[in-house]
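Data first, discussion second: the structure below is written as structure tokens.
Values in this text are rule-based calculations from the coordinates and carry no lab data. The shown structure was predicted, so the numbers you read here are calculated from the model rather than taken from an experiment. Virtual Cβ from ideal backbone geometry, glycine too; neighbours counted across all protein chains shown.
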């Protein structure tokens, strides 16, 4: 999908990253690690939770071809 | 997709795109779920080991190859899908994009996810749900662009696309490995 806006301002690197899917994938990974730690410490996490996180990660991973 | 100006129009187009992506992903999930039934006679332990071996192999392949060389349709979705209007075009574009096999697949993550649905022996409803979630997540980056993007967004993204693709594969493999261990 091509660029959809026409604003001429040069954005800061922070502004760039906020609009980028890679940090979102990082957040998802952090959520997975947190849930994994909870799971290892005795909290029951059912299989659909990591499975859903995983398919969302797979979808985000393909965002570069957007 | 043609350039579209105005956030309200972009959001309407994105909504159609999201619905299309979700439907496309759900379609793939349904097909994989049906085919997974054919593998149900294979013992669960064998399927789990097979998933582990294939998922790790795909991850290593993705990490080693500069460009992923797995079988895929190496064509872009044609612009003609928008010939009947933006709304219908966004929907159709989304269906083709969200199904995960009608255009380029530059990351092994989707292959690993497909293997999971195929080998885990899930109830069909879960296969459809996972497929729909995959499809919907393919629309997220476009929403990020509409709400937060600035000129040069795609150029910036393309500077680290391979990182995104490889990280996604690692994250998906680890999480699906966990799901397999919980299932079997």
### P(r) of the protein assembly as shown over all Cα-Cα pairs, binned every 5 Å from zero, in whole percent
1, 7, 13, 17, 19, 16, 12, 7, 4, 2, 1, 0
### Task
Pick out which of B:92, B:84, B:73 has the largest mean-square fluctuation in a Gaussian network model of chain B, springs linking Cα atoms closer than 10 Å.
B:84
### Message
Let's test the formula: R0 of 30 Å, r as the Cβ-Cβ distance of residue B:38 and residue B:158. What FRET efficiency results, to the nearest 0.05?
### Response
0.15
### Query
Order of B:165, B:96 from fewest to most other C-beta atoms within 10 Å?
B:96, B:165
### For segment B:32-76: rounded, prolate or oblate by the Cα gyration tensor [a/c cutoff 1.5]
oblate
### Task
For a footprinting-style exposure proxy, rank A:40, B:124, B:86, B:119 by other Cβ within 10 Å, fewest first.
A:40, B:124, B:86, B:119
### Task
Please build a GNM for chain B, connecting alpha carbons under 10 Å apart, and tell me which residue among B:141, B:109, B:120 fluctuates the most.
B:141
### Message
Test of understanding: in a Gaussian network model of chain B with alpha carbons linked when under 10 Å, which of B:123, B:41, B:106 would top the mean-square fluctuation ranking?
### Response
B:41
### Query
Could you list log10 I(q)/I(0) for chain B at q = 0.10, 0.13, 0.19 Å⁻¹, which the Debye formula gives when each Cα is one point scatterer?
-0.43, -0.72, -1.32
### Task
List A:45, B:77, B:9 from most exposed to least, where exposure is judged by having the fewest other Cβ atoms within 10 Å.
B:9, A:45, B:77
### Query
Spin-label point model (7 Å from Cα, Cβ direction): what's the residue A:17 to residue B:148 distance in nm?
1.1
### Task
Just subtract the alpha-carbon distance of residue B:8 and residue B:50 from 0.36 nm times their residue separation and send over the number in nm, one decimal.
10.4 nm
### Diffusion constant of segment B:118-165 at 20 °C, which comes from Stokes-Einstein with the Kirkwood Cα-pair radius and 1.002 mPa s, µm²/s
164
